[in-house]
Structure formats: C-alpha cells, structure tokens
Amino acid sequence: MSEQRYGEWVAVRRDGFVAELVLDRPKAMNAVSSEMARSIAAACAALSEDRDVRAVVLTSTHERAFCVGADLKERNSLTDAEMMRHRPVSRAAYTGVLELPMPAIAAVHGYALGGGFELALSCDVIVADPTAVVGLPEVSVGVIPGGGGTQLLPRRVGAARAAELIFSARRVAAAEAHALGLVDRLTAEGEDRAEALELARGIAANSPVGVRAAKKALRLGQGLDLRAGLEVEDAAWRTVAFSGDRAEGVAAFNEKRPANWPGE
C-alpha cells in the first residue's frame, strides 16, 4: 500500500485498483477549512486523472466523526469579501468528489453533518455503522446546505422528505437514516471502512471501462424523462461496445477464466 499526502489533512492511500481518500484532521473532527477544501479538490483532481484507480473509498481517521462540516471557527473570522473568495474553494472540494469518474463509496461513522454529510452524498454509495449521525443543519446557523445538499438529498429520498430534513435541521441516527435511504448499507459497529473497502474491491474486479460508463449514464440520466435517459444510456453503450474491455470480457466468459481488463 502506498500513501500520498495532499496538504496536512488529506491523504490518498492506494492498494491495487482501490484508492482511499482519507480525511485526517482529527483535532477538528475533520471540519473543512479553506486549506482542507483545497486539499480535497487537489486529491480528487489527481484521482480523476488516474486510469488505474477503479474505485474510491472516502474515510475518516477520527474515531467519533466522519466530518462535522464547514470550519465555523474559520468562517466566523471571514469578512464578506473573504467569504465570497472562499466560496469557489469550498465548492471545488464537493464537486471534486461528486465528479470522480469512478465509483466513490463513503464509509461513515459518528457525525456526518452539514458539509460532512454533503461529502458523503457526493459519493455513489454510503456505508455507515450504528454510531453514524447524519444531517444538514445549516438553516440552524443561518445558511443553507451549500455543498450540493439541496440537490443531492432530494435525488436520494424525494423532495418532501428532503424538505423536512433540511427545514428542520434535525440529526438522524443510523437506524432511521438507513430506513429513510440516507445511507445505503448499515454495518456492525466499527466495520464501515472494512465493508466499504470490500465493496470497492468487488467493483474494481469489474470492467473499469464498463463501470465508468455506467456511472456516467446514471449521473447524466438523473432527472431526464425516460426517452432522453435512454438516449444517454445508448451513448454510454456506444463508448463500451467496441472497447478492449468488452472484447476481453466476452472472451473471458467463453473461456471460463477471470478477465484481465485492458481498461480501454
């Protein structure tokens, strides 16, 4: 396993075809400061360009928190002009995770609140353990979810449920979060990271060309009517139908052997 640091508080660990994007600011429960936002964006940019990465797992080194959201201590010291300059920096962190071309899985334990939950929502799958507490409490401090929450949450749970959760600013414990679809898998305590990595390894065993194309079709098709969505799917199909991965996949199936994906 290899590790590369991005600034002081973000690391990327590589194990085969799986990359672990690690939030590592334990003294602040991974509160996202300007510096940390830049590091997340930089790490995501590097991962997006790496054709050898087939799945990403977003994890935390803090025992009691995934991420508690924006660094409000830093925000409190900013002038209005500084807030405006900070906004693109903050957005780049969330869009960096959201726009990863390979599947991304969040491994959540403890608090995932505000921007922390938005980082998880930016992933394709959220795995959580029973200690997880999620929510978008921004309106309780006079702002709104600004890391994608007002758009990503209703796509998960529907407009009315998202409105209730955002307007009330309430925190949701793991069992209810799982029942509502705020998280996708509920593990035994302390097993969120291990299960997320296991899921990522299973994904990484499949065709990287096929998986990336499937993710693109899923993302681009959201919100479209069925006819338009099927056109998105057809365009994605055309990108894989004549690929080396497709040829290898069919050959491996007929020869009853594991595929050796060329990734192109």
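Some notes on this structure:
- All positions within the range 122-137 that are farther than 18 Å from PRO154 by Cα and part of a loop (DSSP other than H, G, I, E, B): ASP129, PRO130, THR131, ALA132
- Single match in GLU82, GLU20 (criterion: open to solvent by 60 Å² or more (accessible area, probe 1.4 Å) and either without any contact (Cβ under 8 Å) to a residue 24 or more places away in the chain or in contact with a Ser or Thr (Cβ under 8 Å, 6 or more places away or on another chain) (or both)): GLU82
- Filter pass, GLU233 being within 21 Å of GLU118 (Cα to Cα), open to solvent by 30 Å² or more (accessible area, probe 1.4 Å) and assigned to a helix (DSSP H, G or I): no
- TRP9 meets all of the listed conditions (1) farther than 24 Å from ARG219 by Cα; (2) open to solvent by 50 Å² or more (accessible area, probe 1.4 Å); (3) of a type in the set (Phe, Trp, Tyr) but one, namely (2).
- Any chance GLY181 is over 30 Å from VAL139 (Cβ atoms) and either of a type outside the set (Phe, Trp, Tyr) or touching a Phe, Trp or Tyr at 6+ places or on another chain (Cβ under 6 Å) (or both): no
- ARG75 vs. criteria farther than 27 Å from VAL211 by Cα and over 19 Å from the mean Cα position of the chain (by Cα): yes
- Verdict on ALA200 being surrounded by 16 or more Cβ atoms within 10 Å (Cβ to Cβ), in contact with a strand residue (DSSP E or B) (Cβ under 7 Å, 6 or more places away or on another chain) and at pLDDT 95 or above: yes
- All positions within the range 141-151 that are surrounded by fewer than 19 Cβ atoms within 10 Å (Cβ to Cβ) and closer than 12 Å to ALA169 by Cβ: VAL141, GLY142, VAL143, ILE144
- Of all residues in the range 236-264, those being assigned to a helix (DSSP H, G or I) and of a type in the set (D, E, K, R) number 4.
- Residue that is surrounded by the most Cβ atoms within 10 Å (Cβ to Cβ) [pool: residues in the range 237-264 that are of a type in the set (Val, Ile, Thr) and touching a helix residue (DSSP H, G or I) at 6+ places or on another chain (Cβ under 8 Å)]: VAL240
- In the range 37-59, the residues that are not assigned by the TED database to the domain that holds ALA70 form no Cβ pair under 6 Å with any partner that is open to solvent by less than 10 Å² (accessible area, probe 1.4 Å), whether six or more places apart or across chains.
- If the condition is being surrounded by fewer than 24 Cβ atoms within 10 Å (Cβ to Cβ) and over 16 Å from ALA163 (Cβ atoms), then the range 123-140 contributes ASP124, VAL125, ASP129, PRO130, THR131, VAL133.
- Check on THR187, of a type in the set (Ser, Thr, Tyr), surrounded by 14 or more Cβ atoms within 10 Å (Cβ to Cβ) and touching a Pro at 6+ places or on another chain (Cβ under 9 Å): yes
- Across the range 57-70, the qualifying residues are those that are more than 13 Å from ARG193 (Cβ to Cβ) and hydrophobic (A, V, I, L, M, F, W, C), and the one among them that is most open to solvent (accessible area, probe 1.4 Å) is VAL68.
- Residue, most open to solvent (accessible area, probe 1.4 Å), within the range 203-230, restricted to residues that are more than 27 Å from ALA19 (Cβ to Cβ) and in a loop (DSSP other than H, G, I, E, B): ASP225
The values are calculated or read from the model by the stated rules, or taken from the named source; none is laboratory data. Values in this document were obtained by computation on a predicted structure and should not be read as measured data. In this analysis, Cβ positions are derived from the backbone assuming ideal geometry, glycine residues included, and neighbour counts consider all displayed protein chains. Ligands, DNA and RNA are stripped out before the accessible areas are found, and what is left, the full protein with its side chains, is counted by its heavy atoms. Shrake-Rupley method; radii C 1.70, N 1.55, O 1.52, S 1.80 Å.
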